[in-house]
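For reference, the structure is listed below as structure tokens.
The values are calculated or read from the model by the stated rules, or taken from the named source; none is laboratory data. All values reported here derive from a predicted model rather than from experimental measurement. Note: ideal-geometry Cβ built from the backbone for every residue, glycine included; neighbour counts use all protein chains shown.
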Amino acid sequence: MIARDDMPVADPVTPRTARVVIVGAGFAGLEAAKELGKAGVPVILLDRQNHHLFQPLLYQVATAALSAPDVAEPIRKVLRRYESVQVLMGEVKRIDMTSRSLDLTDGSCLAFDYLILATGATHSYFGHHDWARFAPGLKTLADARRIRANALLAFERAERTVDPQEQARQMTIAIVGGGPTGVELAGSLAELSRFTLARDFRSVRPEAARVMLIEAGPRILSAFSEKISGYALKRLEKLGVEVHTNTPVEAIEKDRITFGGQTVPVGLVLWAAGVAASPLAAQLGAETDDAGRVVVDETMQAKGLRNVFVVGDAANFTGEDGKPLPGLAQVAKQQGRHLGRSLSRHLLDGSPLAPFTYHGRGNTAIVGRHAAVFEQGRFKLTGWVAWLSWAIIHVYLLVGFQHRLMVSLQWLWRYLTFERGARVITDDSLEGPPEGAHAPSTAKRRAG
């Protein structure tokens with residue numbers, strides 16, 4: 001985790017000790033804290049932010065469909081009913097497995113008996129770290145607000161110029177990665193330009209914006225069946241999105257991207273091609289895979305470490321099919337809930353830790369207006385029914401009744417009017433690391 005200048009500096013004192021320390025308040029960490037809190041187990045939940053982020057809807061903040069408060073909830077509010085759970089806002093600088101303690105960036109130290117690492121994932125640029133400056137990814141609220149501001153600014157700049165080539169460049173958007181996040185970003189940006197912004201400008205035609213989705217593999221939504229993938233492709237093309245498959249990106253530079261042997265001038269490039277575990281996971285000294293995820297056993301305990309557990313995107317947990325479980329919110333929620341219950345029984349009555357079994361509830365992704373895909377085994381849904389199912393699932397998963405109500409009303413208004421109320425550019429939305437570089441996130445990326 002990265003240091004924050006605005007955090008108070010504590011004097012080095014005797015380390016504070018907690019029975020259980022959870023690092024990260026994403027889906028997995030939050031569920032584990034709830035279950036341990038229900039059992040009255042003393043817990044400290046540590047996160048560098050003061051809010052839990054519903055990351056599966058973050059792309060809607062980035063494309064002006066929702067506002068930031070719609071997808072975030074204060075961690076303390078979520079957990080205030082659990083008296084044995086204390087929430088601390090802080091960032092881990094170093095994990096010391098010898099002393100079984102965490103060194104925080106404010107100079108303080110936090111000792112633990114049991115550690116649950118739920119630090120999530122960050123972006124992976126497959127060795128091209130310099131691309132991060134020009135192709136930001138989407139993991140945090142700050143990312144979403146910057147992407148939204150830069151997307152809207154591209155159209156504002158196009159409106160100001162009289163050069164047709166510069167207008168075309170500013171209104172060219174490239175999304176790298178054809179997974180669910182890339183597909184959702186491409187569809188939502190195409191709708192934003194063709195339906196919402198089309199009525200707002202005079203010198204340019206936003207509906208003529210060029211939205212490109214670039215995928216290195218043979219098809220988009222590769223985790224889905226070919227039938228589902230084919231449906232998503234047709235729906236994106238109907239929205240005017242250019243889909244390039246079997247086309248790895250060769251270079252990303254300021255104002256241009258090279259793929260398939262061609263260099264295209266662009267106004268905005270977004271990265272949705274790969275993720276890697278938070279770098280903090282590597283400090284455990286346990287076995288990790290190529291993506292930096294800690295290899296865990298059936299109880300989610302890091303192999304070779306005592307009383308240290310890793311859950312969510314930071315963990316490599318082998319499913320029944322012999323493959324690591326995917327980075328979905330439903331995976332993280334189930335792991336966190338199971339570990340919280342199992343560890344509570346273990347601490348209170350000495351019961352052995354129970355093995356975890358994942359129960360998949362299907363994968364889903366939205367492609368555009370009343371068009372989505374859902375797949376669970378042989379059961380497949382596409383179109384309006386899948387879109388309605390996607391909306392119900394995501395509203396249900398939101399934390400807090402007020403969020404469920406507000407998001408539902410905004411979606412209804414947007415469906416009836418094609419309007420998006422979050423089209424606001426502010427100075428602070430452009431602040432932060434230059435051109436997309438950012439700190440690792442503890443947020444989950446997909447609802448599934």
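Give the residue that is nearest to GLN167 (Cα to Cα), with candidates limited to residues of segment 194-222 that are among the β-branched types (Val, Ile, Thr) and either in a helix (DSSP H, G or I) or over 21 Å from the mean Cα position of the chain (by Cα) (or both). Steps first, answer last, please.
Start the filter on segment 194-222 by keeping residues that are among the β-branched types (Val, Ile, Thr), which leaves 196, 204, 211, 214, 220.
When the remaining residues are screened for being either in a helix (DSSP H, G or I) or over 21 Å from the mean Cα position of the chain (by Cα) (or both), the result is 196, 204, 211.
On the way: THR196: 18, VAL204: 7, VAL211: 14 Å.
If we take residues in segment 194-222 being among the β-branched types (Val, Ile, Thr) and either in a helix (DSSP H, G or I) or over 21 Å from the mean Cα position of the chain (by Cα) (or both), then VAL204 is nearest to GLN167 (Cα to Cα).
Exactly one condition in (1) surrounded by fewer than 18 Cβ atoms within 10 Å (Cβ to Cβ); (2) hydroxyl-bearing (Ser, Thr, Tyr); (3) not in a loop (DSSP other than H, G, I, E, B) is not met by THR357; state its number.
Looking at each condition in turn, THR357 falls short on (3).
Looking at VAL23, VAL41, can you tell me which residue is in the same structural domain as ALA332 (by TED's automatic domain parsing), surrounded by fewer than 24 Cβ atoms within 10 Å (Cβ to Cβ) and touching a residue at least 60 places away in the same chain (Cβ under 8 Å)?
VAL41
Please specify each residue of segment 294-317 satisfying the condition of being of a type in the set (S, T, N, Q) and either assigned to a loop (DSSP other than H, G, I, E, B) or under 17 Å from ARG361 (Cα atoms) (or both).
THR299, ASN307
Tally up the residues in segment 248-298 that are of a type in the set (D, E, K, R) and under 29 Å from ILE147 (Cα atoms), please.
Keep residues of segment 248-298 that are of a type in the set (D, E, K, R), which gives 250, 253-256, 287, 289-290, 293, 297-298.
This time we only want the ones that are under 29 Å from ILE147 (Cα atoms), so: 250, 253-256, 290, 293.
Within segment 248-298, residues that are of a type in the set (D, E, K, R) and under 29 Å from ILE147 (Cα atoms) number 7.
Take segment 118-131 and flag every residue that is of a type in the set (A, V, I, L, M) and either more than 25 Å from ILE95 (Cβ to Cβ) or at pLDDT below 95 (or both).
Correct list: ALA121 only.
For ASP113, state whether it is among the acidic types (Asp, Glu), crowded, with 16+ Cβ neighbours inside 10 Å and within 24 Å of LEU305 (Cβ to Cβ). Spell out the reasoning first.
Working: among the acidic types (Asp, Glu): yes; crowded, with 16+ Cβ neighbours inside 10 Å: no; within 24 Å of LEU305 (Cβ to Cβ): yes.
Spelling it out, it is not the case that ASP113 is among the acidic types (Asp, Glu), crowded, with 16+ Cβ neighbours inside 10 Å and within 24 Å of LEU305 (Cβ to Cβ).
Take GLU191 and tell me if it is in a helix (DSSP H, G or I), touching a helix residue (DSSP H, G or I) at 6+ places or on another chain (Cβ under 9 Å), within 21 Å of LEU152 (Cβ to Cβ) and of a type in the set (Asp, Glu).
No, not satisfied.
Please indicate, with yes or no, whether at least one residue in segment 123-144 is more than 27 Å from LEU221 (Cβ to Cβ), in contact (Cβ under 8 Å) with a residue 24 or more places away in the chain and surrounded by 21 or more Cβ atoms within 10 Å (Cβ to Cβ).
The answer is no, given that none of the residues of segment 123-144 is more than 27 Å from LEU221 (Cβ to Cβ), in contact (Cβ under 8 Å) with a residue 24 or more places away in the chain and surrounded by 21 or more Cβ atoms within 10 Å (Cβ to Cβ).
Give VAL269, VAL264, VAL296 a once-over and let me know the one that is in contact (Cβ under 8 Å) with a residue 60 or more places away in the chain and surrounded by 23 or more Cβ atoms within 10 Å (Cβ to Cβ).
On the way: VAL264 fails: surrounded by 23 or more Cβ atoms within 10 Å (Cβ to Cβ); VAL296 fails: in contact (Cβ under 8 Å) with a residue 60 or more places away in the chain.
From the options VAL269, VAL264, VAL296, the qualifying one is VAL269.
Being within 30 Å of VAL211 (Cβ to Cβ), touching a Gly at 6+ places or on another chain (Cβ under 8 Å) and among the β-branched types (Val, Ile, Thr), is that true of even one residue in segment 247-257?
Yes.
Within 11 Å of VAL269 (Cα to Cα) and either hydroxyl-bearing (Ser, Thr, Tyr) or touching a helix residue (DSSP H, G or I) at 6+ places or on another chain (Cβ under 9 Å) (or both): which single residue out of VAL211, VAL204 fits that description?
Of the residues listed, the single one that is within 11 Å of VAL269 (Cα to Cα) and either hydroxyl-bearing (Ser, Thr, Tyr) or touching a helix residue (DSSP H, G or I) at 6+ places or on another chain (Cβ under 9 Å) (or both) is VAL211.
Quick test for you: out of ARG293, ARG256, pick the one residue that is of a type in the set (Lys, Arg), more than 24 Å from LEU353 (Cβ to Cβ) and modelled with pLDDT of 95 or more.
Sole residue among the options that is of a type in the set (Lys, Arg), more than 24 Å from LEU353 (Cβ to Cβ) and modelled with pLDDT of 95 or more: ARG256.
So ALA65 fits all but one of (1) out of contact with any Asp or Glu (no Cβ under 8 Å at 6 or more places or on another chain); (2) in a loop (DSSP other than H, G, I, E, B); (3) more than 27 Å from PRO180 (Cα to Cα); what number is the exception?
Looking at each condition in turn, ALA65 falls short on (3).
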